[in-house]
Amino acid sequence: MTSQNLANLAKTGQLKTEAPSRKEFDGLIRSARARLKDAHIETLSIESRFDLGYNASHALALAALRWHGYRSENRYIVFQCLQHTLDFGPEHWRILALCHERRNLAEYEGHLEIDEQLVKELVQVADLLLEKVSALAPLP
């Protein structure tokens, strides 16, 4: 993981330096686990599963960023930082970037373009995120 890249993003104002908080980290993981569990329920509407998977992914990506001592108010940056916080390859964070675009279309223009395949890939990426974040050393 390249913490220098995170430091550079902080210098440009895209990230804020903030000491990690175990309580916040644990809360983000707890929230993500609950949402991800529900995102796997195929009887829920596709829109609900997308929303649950997206928000679980964001909570996990933010937890990884917070573990490294940074914060961002920009969801897209939080996802982009995964390559530095969890050594997450572009094949995974690009799915999150696409989901972020689709989420914004739904939130700001009322148009949600998703299908089963995208939701399946989103949930798979969220599962991988949970695995990687869970493997981080515990915060004091």
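The values are calculated or read from the model by the stated rules, or taken from the named source; none is laboratory data. No experiment lies behind these values; they were computed from the predicted model shown. When we count neighbours, we look across all protein chains shown, and the Cβ atoms used for this are built from the backbone with ideal geometry, even at glycine.
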Hey, does region 51-64 have a residue that's surrounded by 16 or more Cβ atoms within 10 Å (Cβ to Cβ), modelled with pLDDT of 95 or more and more than 18 Å from Cys99 (Cα to Cα)? yes
Only unsatisfied item for Ser3, checking (1) at pLDDT 95 or above; (2) touching a helix residue (DSSP H, G or I) at 6+ places or on another chain (Cβ under 8 Å); (3) within 20 Å of Lys132 (Cα to Cα); (4) loosely packed, with under 13 Cβ neighbours inside 10 Å, is (1)
Of the candidates Glu47, Glu42, the one satisfying the condition of being without any contact (Cβ under 8 Å) to a residue 24 or more places away in the chain, of a type in the set (Asp, Glu) and more than 20 Å from Glu73 (Cα to Cα) is Glu42
Could you count how many residues in region 96-140 are among the small types (Gly, Ala, Ser), surrounded by 13 or more Cβ atoms within 10 Å (Cβ to Cβ) and farther than 13 Å from His58 by Cα? 1
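Just give me the residues in region 36-55 being in a helix (DSSP H, G or I), of a type outside the set (A, V, I, L, M) and over 10 Å from Ala126 (Cα atoms), in sequence order. Write out each step before concluding.
From region 36-55, those in a helix (DSSP H, G or I) are 36-39, 46-55; that's our starting set.
Subset that is of a type outside the set (A, V, I, L, M): 37-38, 47-51, 53-55.
Within region 36-55, Lys37, Asp38, Glu47, Ser48, Arg49, Phe50, Asp51 meet the criteria.
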